[in-house]
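J.: Dropping a structure here in structure tokens format, bear with me for questions.
Just so it is clear, none of the values below were taken in a lab; they were calculated from the coordinates. Nothing here was measured: the structure is a model prediction, and the numbers come from that model. All Cβ positions, glycine included, derive from the backbone under ideal geometry; neighbour counts span all protein chains shown.
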Amino acid sequence: MPALQLRNVRKTYQSGDSEIVALDHANLEVPDDEILALIGPSGSGKTTLLSIAGGLLSPSEGNVVVGGHDITEYSAKDLTRFRREEVGFVFQTVNLVPFLTARENIMVAAELAGRGSEKAARARADQLLEELGLARRADNLPAQLSGGERQRVAIGRALMNEPKLILVDEPTSALDTKLGNQVMELIVGEVKSRKTAAIIVTHDTRMVHYADRTVSITDGVLAA
Ligand SMILES: Nc1ncnc2c1ncn2[C@@H]1O[C@H](COP(=O)(O)OP(=O)(O)O)[C@@H](O)[C@H]1O
Ligand SMILES: [Mg+2]
């Protein structure tokens, strides 16, 4: 069962009188242990594709099948559960809760999904912090962390519920090359050790060697 299938997905946005085609009949299949790099220039439809794959946006046409379930048929309630429990997002702009510590920001994911005990969530968050090299930053607030550290907390949060599909939007765009490579190595290491599928969006061709496969996107059209 592939982790993700996009079947003839089209997404248009209305902008004044004109229609923007952000995704044009996209067909894509991501096996359950593959890391796919999605590469394309700014405005090519990368964030739109990720948002549709993760149930944050619904397609104008076509179907999105995640782990065998067609999420385009989900009710609003099912979609909320799906987003909280089955996908892990790392957004382009890291959106940590400013008044929660690094550990608490990671634990929130389990709380929202109504998963397990607080004790178990804390143990898992601490294990992730350790793996991400943040053990000593567990009690720090986001404002006390560097950009790269915040990015790593966001990765921990995305992994917290052990999702089958991880969606990462330009994780290195705000980082210098050295830090960008470190963050990519972390993501790839974590994803590979869990045998989870991931789509990593980037416009940086230097990052594609981290992926099993690369698909490019131009003006909403995918090409292998
Ligand atoms: N909410 C929106 N309303 C109107 N147009 C949008 C919206 N979101 C994205 N777009 C347009 O859709 C296209 C694809 O955007 P996006 O998926 O964000 O591309 P990328 O992530 O590759 O930069 C762009 O032309 C963008 O301006
Ligand atoms: Mg984008």
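J.: Going down the table (Lys77/Lys192; Lys46/Lys119; Lys11/Lys164; Lys11/Lys192; Lys77/Lys195), which pairs top 26 Å between alpha carbons? It would help to have the intermediate numbers written out before the result.
T.: Details: Lys77/Lys192 31 Å; Lys46/Lys119 37 Å; Lys11/Lys164 24 Å; Lys11/Lys192 31 Å; Lys77/Lys195 28 Å.
As for pairs spanning more than 26 Å Cα to Cα, those are Lys77/Lys192; Lys46/Lys119; Lys11/Lys192; Lys77/Lys195.
J.: Grab the DSSP H runs of the chain that are 4 residues or longer, score each as -39,500 (n - 2.57), total them, divide by all residues and round the 222 nm result to the nearest 500 deg cm²/dmol.
T.: Calculated mean residue ellipticity at 222 nm is -10500 deg cm²/dmol.
J.: Would you mind checking which residues have amide H under 5 Å from Val90's amide H? H placed 1.01 Å from N; only 5 or more apart, or other chain.
T.: Leu167, Val168, Asp169
J.: At what distance in angstrom do the alpha carbon centres of the stretch 177-224 and the stretch 103-174 lie from each other?
T.: A separation of 19 Å, based on Cα centres.
J.: Still on this structure: Go through the stretch 196-210 residue by residue and turn each phi into a ³J(HN,Hα) via Karplus (6.51, -1.76, 1.60, θ = phi - 60°); whole Hz please, and just put x for glycine and proline.
T.: Ordered by residue, 3J(HN,Hα) equals 10, 7, 8, 10, 10, 8, 7, 10, 9, 5, 5, 8, 6, 5, 6 Hz.
J.: Okay, moving on. What is the diffusion coefficient of the chain in µm²/s, taking the Kirkwood radius over Cα pairs and the Stokes-Einstein relation at 20 °C with a viscosity of 1.002 mPa s?
T.: Here the translational diffusion coefficient equals 121 µm²/s.
J.: Taking other Cβ within 10 Å of each residue's Cβ, how do Met160, Met1 sort, fewest first?
T.: Working: Met160 23, Met1 11.
In increasing order of surrounding Cβ atoms, one gets Met1, Met160.
J.: Given the stretch 98-177 reduced to its alpha-carbon atoms as identical point scatterers, what log10 I(q)/I(0) does the Debye formula return at q = 0.15, 0.17, 0.18, 0.21 Å⁻¹?
T.: Result of the Debye calculation: -0.50, -0.63, -0.71, -0.95.
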